[in-house]
Structures are given as structure tokens and as C-alpha cells.
Amino acid sequence: MENWNQLIERYLQNELSAEARQAFESEMNKNEALRQELELHQLVQQGAKRAAQRMLVKNTASTYHLMRKVYVGSAVTITLVAASLITWMILKGGGESEQNRQNQTEQSPVFQAANTEKAFKNLAVELLTWQGMDSVFLTKGGTLLAVPEGCLLKEGKPYQGQAVISWQEATRAADIMQAGLSTTSGDRLLETQGMFSFKAYTPEGAELKLSETKGIYVQVPVSEYKKDMQLFNGQALPNGQIDWVNPVPLEKVPVPVDMSMLHFYPPGYERHLDQEKWKTDKKSRDSLYLSFEQEGGAELIVNDLKAVPTGENSEPFASANQAMRTSEEIFTDNRYREIKPGLIEVTTYIYAPEYLLYKEGSFGVSLPDPKKGRIVGEQTVKGYNNQMKVNGEDFSYYTTNFSITYRVMIPQQETTINLPILFNGTQADIRSGRNVTLKTYREQMNMLITPYKDQQPETDDFRGIRPSLVLAFWQPKMNGTILATREFEARMKAIHATCNPQVLKHYLNSLNEPLWKTDEKVAKMGYPQFNSFAAERVGALQKESAYVEMLAEFLTNAQKTLHEKALDDIRIHEKLNAEITRKYREDAQQNQIDNEQRKSGLLQQEYKYNLADVARQLGKTVGFQIHGGGTIVNIDKYVMDATVSRTTTEITDPETGKKAKITYNAFGLTVKNPESFDQLYMYLLPQELNSFHRIDPKGKRFDYPLNGTIRYHLAVIGVNAQGYFLYTAEQIAQKEFGNITLTKISEAEFRKQLEQLNQSRNPQAESIIPELDWLRTEQKYQVHLLRQREIMAFRSRLFPLIYPCGLYEWGYTPVADPLVK
Amino acid sequence: MTEIEKQHRQSLKKIYGQWPKVRRYLQLWGCDSITAEDLFQEALLIYIRKLETGLQLDVEPIYYVRNTARLLWMNQARKQGKHIQVPLGEQQPETEDNEWLQKEEKLKRVEEALQGLGEQCRKLLEYFYGLGMSMVDIAKKIGLRNDKVAKAQKYKCLQKAKELVLLQKNDVEFQ
């Protein structure tokens, strides 16, 4: 079998001679095994070939897939450049020591070294002895030099021990010129406020280097604070000159201030309270501020900040349109999105002062110049209508916020459109936000079309900074942190205007960071107004990191506690109000029942009286039995009918033919200024009956037919939040009383007069006291209602100061638009 | 690069560019994308081999490849007992008694058997029978001393290969 391998191979490869091939083929015809072997051989060959061809296909596949994965961009790595010669830092602890200069003899090695190696050749050297601990020096030139422990290196290792500092400074023009110092950086001329040289040596004269991570702190007295001052590094040139290079911006050191001196309320809040002459103590104002706490995501200070994408605008549209507003001005804020090129949908939010509430009218938008753009379709105006339950009843109050949504078609070349807001057709006196700037949008064309998705300040879409978050950090415990500075106080005003708690959280989470860093971070979030803060380059107030962590935890707990307490207080308050209403309703219901009972009792009384009267007229005896229930005799029925309907009726005795008459005369009056009263009742106190009538007004009139044989005292009572109002008349003649005026009286007097009136008409008169009690309840309730309305109005004025952005997104839902294909 | 390789490379590249279409097509028939790629490659292989027998197409090669892949899928699905999902607008093609495909399938099995060979043997056989390289070149490429050594090695490899194929056949028979 093995020899066949070769044979078959050569046969298949055509390497056999003609005869050999013939011999082979004839052998094959005879030999089954050979045939099979040949087949097998061929199979192997073909299999191997196929495998090779498969490789080709596989290679093509690899190439295809590889090409699709080629990276287009590459990550940019930023390497940090090492710090320059002098770095700005805060002195860590350490006491201030007095000037620590010692005179070195000219022969000492240090002095020799210092003098020969000085940076500024023609300027005197000042030598300072450093003991190796945190020290502060005041130089001859008035410069403060803070040299912390560990800032010097000997041969690369931290040097601990005595050192001699060789200090040169040139702050005055004369010195600079004398020293022959240049004020150029490359070929740029610099304006300088001082040039300094710091060198350090061991007492033996060996040079020490400044550590790149731990520097010294230099505080230079300047005649004026100039903006954009930078720190340049001095590089010695071969010709002995110094070139100033590698400018680094100076950091401004924030000044710690006690928390009690700072104000972090929303802008306008305090001024408004001052105007309303509200309580001035901080506790009350804090408490009031906290009462505006909203339910919802209790913000945890740590760990819930999402990484802010740097260099990207995560809030594409708010940036152009955020600004601060005060309670006096109408302010507009625009949000917009481009539905398709040239078609913009704009929503203008209008925050108007309260006086607009009382003007009837509507807002609208119009573009005067059709070349610049035209309004397409409808304008949808939405009012931000607040509905609350006050004392269980619905109470509406309108905050002064509206929005108008409309679409504008503008030509492609326009980049800004002016959107004047009209009130009642004329241009409202509005301080509007910035114009809709389309250029900014077009540059961000790659961003999502729907702007609202990306900008999520919180998961529940809440737009506002809750009081608990502010009050949590506004505590003495945060003294000494970057939050307890005037610089942060200034920023807090702008933070309030963003309505974005994430912004505040960035600051709260970066207690040890330089303030300018956090400013920049926030600016990148989509609030370019913070760039101006960043330009101030305010540095950090650093604390021990363990302490900072503790503070962070403290903040979280404080905020949670305040939040819960605030909500609890709100609930308790609501419960109390609900209780008052419930009690009132209960009393009112009881009064209703009592009233009905009295009315039916009174009816019976008057019926009996009339019946007796009729009996007398008809000559019947007095012992006239009247039965309750059972069939009423005709005469009884006539009398009942007459009493119920209070109409004059003539009754004929069917037996005798005699006539009797029951007379009712019209009686009515009107009250002056009826709308000034919350409750108005007319009381008729009949002399001949025990009970009394209480009549409700119909429209502006009181009308009640009086029984012709009864004498009445009259009392008209008005009740409102201000008190009680009364009119009385005794033994009134039945006529049209006309228009009467109610006089205000005290509660005591009110009760007294009414009781007297009641008693004087009939000693057995039913007591009027329960009625008076009811009136008192009514009056007190009106007082309560008024107070609640006042509180609500007060709060509604404050509300837009605390939540200038109106709490939640106004819920724009894109609808299929026939204009947009 | 050998002539054969050069010939095939261009057309393969062009056809492979249309792989997404084929994938989508196969997905309509219920094939997942991983299996689809295997079948696509198989179909490509079948195609270039058919070309060598002098196939004349009157349509774009991609259609041939696509239909071959579909056929392979249907065979595979049938064997796996999967239900074949006929997409809308298509009809279930008649089960072609495709002789060529059967032969290819058989050779595929041989390929699998040959995978049992050591790398050197495999490469040797593939270069010789597949790419038609000369023994001299092969010897250089694989790292054998000269062409004679390579030739001797070839026979050894052939023997081994045959044994493997026989083994596979027996396995199949026993199944």
C-alpha cells in the first residue's frame, strides 16, 4: 500500500511515462483496492485544495471586517505641565513669626554663594533664615513670604533643617531699571508689578531647590489690583539677560467670612420681605424660606452628580437665555428648537409682576418685519395657574407666569430674531431675555433636535433649588470652607438663577477645589455666564480631606433633615387648616338642621296662631281642638295654606257662611353695599310667637310677607372678616323699608342688642343665643378665610422669587404637524 | 502571491462588500447572522471553485452566491429540524438535487478530517494542491531544507491524511 502513495501521486501529477500510465490504469481496472486508494488520494488532494481556497475567503473576510473598524479619531491625552518656579498656595497652619533675619557675615559661605549666584545681578540680596518649619517672612520691600515645611529639596529629597533664603525683589521702577531687568517675554512687552528671585541654601552653602508640588506663598503689596496679571518664570539667557516665560494665571485668594454675615437667599427674597415689612430675624426668614420646600427627590449631596461631559454643551438651549429676574420686571425667557431648517418653534416664558394679574388681556407675539421672519400657525398661551386646596375648598391663585408657544419661519441667512412680546396688542414694557440666537444653535446642529431630553437636572425633572439644599450649607459648621466667602455669595445669586441644583451640588462637592475650577465646570455644563466668575480665578480654601468628607456627610444629613422637617411642617399646617374647615362645616351643618327645625316649629306656631284668629273671627269657641295628624277640616287646611304661602286669604265657614280673613302684607328692604358682607341675614322677631324668622337675601333684596296681626322687631345682620354689622328696628310697620345701612358694632354690643331685642318682644321668646353663636362662628371663619387668602397672596408673590423657573418643565409634547413633513 | 490567489482576491473582495445584503436576506429566511456569515463564506468558496470549472453566469455573481447560501441554509435548517421561515414575496424553492453541492459537502467533510493534521503537513498539502506552489518555494516557506525533503515529507503527510479521512469515514459509517 505504501508504494502506491508515490505511484498514485505521480500518476495524478502526470509524472508517469506513457507506458507506466497504461500499466497503472490496467492495474486499476483489476484492483479494487487500488481504485479505492486512488479515490482516497484524490479526496485528500481536493480537500487540501479546498482548504487553501477557504483560506482566501477567510482572508477576504478579515480584511472586510478590519476596514470597518478603523479608528477615525484618537484620544487626546493631555499631559500636565509641571509647575513653574513659584507656586501660589495657602499657608497650612503654622504661626506667624516675626521677621527672621539674621545678619550673615560677609565671609560666611552662604553669603558668598548667594552673592555670586544671584539671579538679578545688580540688585541687593536679602538673606532670611528659615528654621525648617512653616514660617512667614516680611521682606524689606513689604512682601510677605510664606515658606512651608517640606518645600525645599536637597538633591531631590525633601530637606529638613535650617536653610538660608536669598531673596531679591524689584517692585519699583527704579529698582527694575537699576537691576537692568528686562520686561519682555520673547518679544512681548510686559507690564510688571514686581520681579522676584527666591534661592535657598544650606548653611554650608549647598543650593536647595524648590519642590514642584509644595511651593512657597508670596503676597505682594500692589498699588492697584490689575486684572489678568500672570506669573512668569524667569529663564536666564546665555547673554546674562532674563527672559520671562511660561505665564500662569494668578489665583485670587478667597477671604473667609463668617456664615452669619453672608446671605444665600434667592435674589430679591430679602428685599421683598423688607418691602412687605415682614419679620426681620433670620430664624423667621429661614423658616419662611423653608416653608416653600417642595416634595420630591431628596437630593443627596454626594455621589449623585453625573460626570459632566467636558467640552460639550449638555444643556444646549438654556445657556443663551438664563438671567436673573426681579419681582418688578416682566421677564421673558426663550426656549427654542429647530423643527426643520428655517422653521423654529419657540416657547417664550413670561414672568410678570403682580399688577398684570388685574389687567384683563392677553399676551401675543408678532414679528413686524416679514422679511426677517413670520409667525406660522397658532400661538398657544398657557397660564401657570396654581390651584390649591385651602381649608378643603378649591382656591385658585394665578402666579404671574405664562408661556407662549409659536412657530416662526425665518430665512436661512438670519441668525438672530427679535421676538417682541405684546400685551393686549401693544408692545409690553418688558425687559426681555436675550434674543433667540440661531447661530449658536446651528453650530450645535449635531445635538439632539429635542432639547429637553438631554437636560435633566434631576430624574424627576424638577427645576428649582430647594430651600433645604441652601439652608443645609448655610450653617456655622461650614465656616472656613470655600462656601463661607463673599466670592461664593456672589456666585450663589447666579446659581439661584440657573434653577439647577446640579450647579449648586458641584460647588458643594468641590470644597477643596479652587473655586475657578468649579466655575469652569459649571460654565461647561451650559452656563457661560459662569465664565466671568472663572476669569476672577479665585483659588481654594483647603481643609483636611478627612474633614471635608465629614462635612460632605454633614451636608447630606442636614439637607435631608431640613427637607423632611419642612414637609412635615407643611403637612401639619395643612392638617390644621383642614381641621378648621371641617369644624366649620360641621357647625354649618348643625346650623342648617337647627334652622330647619326652627322653621317647621315656627310654622306650627304661626299656624296655630292663625287658626285661633280665624276661629275668633268666625265666632267659634276657643276650645277649638286642633289635632295633629288625622284629617284636617277644610278650615284648617285653608289656614295652613295661607300660613305656608303667606298670602292673604279669605275663609268662609261652610256651616255659618261667616267670613274670616288672614292678612299678609308684603315687606321688603335692601341693604347698602351687600357685597361687602360675607353673610347677610334678616331676622324678624314676632311679638306674638316664640320663635323667629331668619331670612336669606335673594339677589340684593330681602322680601318676606308679614302677618297682618303680628308685630315684629327687625334686625338685619351682616358679618365679614372685619366684624359685625347691625340694623335694628322695633315694631316695624309693614311697608317697604327701602335701603338700609348696617352699622359696624363690636361683638359684645352686637350680642347685647340682639338679646335685648329678643327679650323685649316676648319674655318667652326662644333664646337667640345659639343663633348668635352661629354668627360668631361664621365671622371667625371669615376671618380665617381672609387670613388664608392673604397668606396665599403673600406666598404667591414670593414664589417666583424662590422658584424663578417655575418648578417643572412645561411639558411640551411634540405633535404631528402637517406643516412639517 | 500566486496567480490563483490574485485572480480570486479582487472578485472576492467585491462580493464580500455586499455581505450585509446577504445577511439581511438570510435573516428573512430565519438565519442568525453568525450562521449566515459561515454559510456566506461557504457559498463564496463554492462559487470560486465553480468558477474554476468554467462556470458562466448570466447574472451578477452576488446572486449566485446568495442563492447558494440560501440553499446551504435550507439544508442545514432541515438537518437541524428547524422550521424554515419563508419570507413574504418569496416562494419555497424546489429542493434541487444539486450534485455539485453534494460533492462540495463531501469535500467539506474531508477538510474537517484534514484539520487533524499537524500544521506543517496541512500547510504543505494546502500550498501544493491548493495554491500550486513549487516544492522549492514550499520548502522555503515551511522551513524545510530543500525540495527533496519537502517531497518526502509530502508523502508522509499524504499517508497521514488518508488515514484521517478513512477514520472519519468509519466514524460516519458507524453513526
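Could you check, for segment B:134-153, whether at least one of its residues is under 21 Å from the mean Cα position of the chain (by Cα) and either open to solvent by less than 30 Å² (accessible area, probe 1.4 Å) or under 19 Å from A:MET55 (Cβ atoms) (or both)? For segment B:134-153, residues under 21 Å from the mean Cα position of the chain (by Cα) and either open to solvent by less than 30 Å² (accessible area, probe 1.4 Å) or under 19 Å from A:MET55 (Cβ atoms) (or both): absent.
What about A:THR280, is it of a type in the set (S, T, N, Q) and farther than 30 Å from A:GLU149 by Cβ?
When the stated conditions are applied, A:THR280 passes them.
When residues in segment B:6-36 are screened for being closer than 14 Å to A:THR63 by Cβ and not small (Gly, Ala, Ser), 9 of them pass. Scanning segment B:124-137 for residues that are within 9 Å of another protein chain (Cβ to nearest Cβ) and assigned to a helix (DSSP H, G or I) gives B:LEU124, B:LEU125, B:GLU126, B:TYR127, B:PHE128, B:TYR129, B:GLY130. At least 1 residues being at pLDDT 85 or above, more than 30 Å from A:LYS209 (Cα to Cα) and more than 14 Å from every other protein chain (Cβ to nearest Cβ) is the threshold, and among the helices (runs of 4 or more DSSP H) wholly inside segment A:1-99 those reaching it are A:18-30, A:32-68. For the residues A:PRO247, A:PRO254, A:PRO266, the requirement of being at pLDDT below 85 and part of a loop (DSSP other than H, G, I, E, B) singles out A:PRO254. Residues of segment B:112-120 include at least one that is surrounded by 21 or more Cβ atoms within 10 Å (Cβ to Cβ), within 10 Å of chain A (Cβ to nearest Cβ) and not in a loop (DSSP other than H, G, I, E, B). Of all residues in segment A:14-66, those being aliphatic (A, V, I, L, M) and surrounded by fewer than 19 Cβ atoms within 10 Å (Cβ to Cβ) number 11.
Consider segment B:1-18 and keep the residues that are at the interface with another protein chain (Cβ under 10 Å from one of its Cβ atoms) and among the basic types (Lys, Arg). The one that is least open to solvent (accessible area, probe 1.4 Å) is B:ARG9. Please work out if B:LEU124 is over 28 Å from B:LEU55 (Cα atoms), open to solvent by less than 80 Å² (accessible area, probe 1.4 Å) and modelled with pLDDT of 90 or more. In short, yes. On the given criteria, is A:SER287 closer than 29 Å to A:LEU515 by Cα and of a type in the set (S, T, N, Q)? In short, no. So for segment A:577-593 (the condition being of a type in the set (Ser, Thr, Tyr), surrounded by 15 or more Cβ atoms within 10 Å (Cβ to Cβ) and modelled with pLDDT of 85 or more), does at least one residue qualify? Looking for residues that are of a type in the set (Ser, Thr, Tyr), surrounded by 15 or more Cβ atoms within 10 Å (Cβ to Cβ) and modelled with pLDDT of 85 or more, one finds at least one in segment A:577-593, hence yes.
Of all residues in segment A:154-188, exactly one satisfies the criterion of being in contact (Cβ under 8 Å) with a residue 24 or more places away in the chain, acidic (Asp, Glu) and within 19 Å of A:GLU117 (Cβ to Cβ), namely A:GLU169. Does segment B:19-59 hold any residues that are touching a residue at least 40 places away in the same chain (Cβ under 8 Å), more than 19 Å from the chain's Cα centre (by Cα) and either open to solvent by 80 Å² or more (accessible area, probe 1.4 Å) or within 14 Å of another protein chain (Cβ to nearest Cβ) (or both), and which are they? The answer is B:LYS21, B:LEU28.
Of all residues in segment B:149-172, those that are within 7 Å of chain A (Cβ to nearest Cβ) have Cβ atoms under 7 Å from Cβ atoms of residues that are among the small types (Gly, Ala, Ser) and surrounded by 17 or more Cβ atoms within 10 Å (Cβ to Cβ), 6 or more apart or on another chain, in B:VAL165/B:ALA113.
Selection within segment A:755-775: residues that are in contact with a helix residue (DSSP H, G or I) (Cβ under 7 Å, 6 or more places away or on another chain) and within 21 Å of A:ASP587 (Cα to Cα). The member of this set that is most open to solvent (accessible area, probe 1.4 Å) is A:PRO770. Checking each residue in segment A:171-200 for being under 14 Å from A:GLN241 (Cα atoms) and open to solvent by 30 Å² or more (accessible area, probe 1.4 Å) picks out A:MET177, A:GLN178, A:GLY180, A:THR183, A:THR184, A:GLY186, A:ASP187. A:LEU152 - would you say it is out of contact with any Gly (no Cβ under 8 Å at 6 or more places or on another chain) and closer than 23 Å to A:LYS209 by Cα? So A:LEU152 fits the description; yes.
Can B:ALA150 be described as closer than 27 Å to B:GLU3 by Cβ and assigned to a helix (DSSP H, G or I)? Yes; evaluated as a whole, the condition is true for this residue.
The values are calculated or read from the model by the stated rules, or taken from the named source; none is laboratory data. What you are looking at is a predicted structure, and each value in this text was computed from that prediction instead of being measured. All Cβ positions, even for glycine, are placed from backbone atoms using ideal geometry, and neighbour counts span all protein chains on display. Please note that ligands, DNA and RNA were not included when accessible areas were found on the heavy atoms of the full protein model with its side chains. Shrake-Rupley method; radii C 1.70, N 1.55, O 1.52, S 1.80 Å.
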